[in-house]
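Below is one structure, written out as structure tokens, with a few remarks after it.
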Amino acid sequence: QYDRQLFGSETWLNMNYSNWGMEFGLRADFFQNSNLINPQASFNKQGIGRWYVKSDQERIGFEAGYIYDQIGSGIIYRAYEQRNLGLDNALYGLKLNYDLNDQWHVKAFSGRQKRQFETYESLIKGIGIEGFIQTHDTSTWSLAPGFAMVNRTLDDASMTNVLATVASYQKEDQFL
């Protein structure tokens, strides 16, 4: 790629503003002859890579726009970015969180997963509760329990694709 084009770049501009107990953010992304998305080809596009509005008031908070978060250690759900690898799995949607007390927190979210400057059609939604328990005696043990559920609803086009793929299998390999 670079033998022909001799140049490639990925550039990001982050702008953040906080006031009135709110936080606003905007990120502009610029890709010129970039090979991050596909090492065998050039990706040329620019636009708004992320925007968000966020507020945490006392025990309740919300975030709307492109959201990065995870449940627990991120095994069942993680929305993250790793720009130097070309990864940006933000959730484009809404997240609500509520602190039951200093040790227990509940969060719920819903949205669509980001794909470069667009989103996938399937809907992701989830809810989780996490806590922290520590004894007040002289022992040094603690416990960080949590429970969460995540659901992904396939859009009609994705479901049609899955059904067509299963239909192409041999009869003994098909399932309902």
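Taking (1) open to solvent by 40 Å² or more (accessible area, probe 1.4 Å); (2) modelled with pLDDT of 90 or more; (3) not β-branched (Val, Ile, Thr) in turn, GLY93 satisfies each apart from (1). In segment 32-50, the residues that are free of Cβ contacts under 8 Å to residues at least 24 places away in the same chain and more than 20 Å from TYR80 (Cα to Cα) form no Cβ pair under 6 Å with any partner that is open to solvent by less than 40 Å² (accessible area, probe 1.4 Å) and assigned to a loop (DSSP other than H, G, I, E, B), whether six or more places apart or across chains. Residues of segment 146-176 that are within 29 Å of the chain's Cα centre (by Cα), polar (S, T, N, Q) and more than 27 Å from ASN97 (Cβ to Cβ): SER158, THR160, ASN161, THR165. In the set (1) open to solvent by less than 70 Å² (accessible area, probe 1.4 Å); (2) modelled with pLDDT under 95, TYR120 fails one condition alone, (1).
Taking the criterion of being in contact with a Gly (Cβ under 6 Å, 6 or more places away or on another chain) and of a type in the set (D, E, K, R), no residue of segment 39-54 qualifies.
Residue by residue, here is whether (1) of a type outside the set (A, V, I, L, M); (2) more than 13 Å from GLU23 (Cβ to Cβ); (3) more than 16 Å from the chain's Cα centre (by Cα) holds:
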position	(1), (2), (3)
SER55	yes, no, yes
GLU58	yes, yes, yes
GLY72	yes, yes, no
TYR77	yes, yes, no
GLN82	yes, yes, no
LEU96	no, yes, no
ASP99	yes, yes, yes
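Need the failing condition index for LEU87 against (1) of a type outside the set (Val, Ile, Thr); (2) within 30 Å of SER34 (Cα to Cα); (3) in contact with an Asp or Glu (Cβ under 8 Å, 6 or more places away or on another chain); (4) surrounded by 14 or more Cβ atoms within 10 Å (Cβ to Cβ), just the number. The number of the failed condition is (4).
Is it the case that some residue within segment 123-145 is open to solvent by 40 Å² or more (accessible area, probe 1.4 Å), under 23 Å from the mean Cα position of the chain (by Cα) and under 30 Å from PHE30 (Cα atoms)? Yes, some residue in segment 123-145 is open to solvent by 40 Å² or more (accessible area, probe 1.4 Å), under 23 Å from the mean Cα position of the chain (by Cα) and under 30 Å from PHE30 (Cα atoms). The residues of segment 146-176 that are under 21 Å from ALA108 (Cα atoms), open to solvent by 70 Å² or more (accessible area, probe 1.4 Å) and not aliphatic (A, V, I, L, M), listed by number, are PHE147, ASN151, ARG152.
Say we look at segment 22-34 and pick out the residues that are open to solvent by 50 Å² or more (accessible area, probe 1.4 Å) and of a type outside the set (A, V, I, L, M, F, W, C); which of these is modelled with the highest pLDDT? That would be GLU23. Within segment 40-70, if we keep just the residues that are farther than 12 Å from LYS114 by Cβ and β-branched (Val, Ile, Thr), the residue that is most open to solvent (accessible area, probe 1.4 Å) turns out to be ILE60.
The values are calculated or read from the model by the stated rules, or taken from the named source; none is laboratory data. Keep in mind it's a predicted model, so treat the numbers as computed, not measured. Cβ: placed from backbone, ideal geometry, glycine included. Neighbour counts: every protein chain shown. Only protein heavy atoms, including side chains, enter the accessible area calculation; ligands, DNA and RNA are left aside. Shrake-Rupley method; radii C 1.70, N 1.55, O 1.52, S 1.80 Å.
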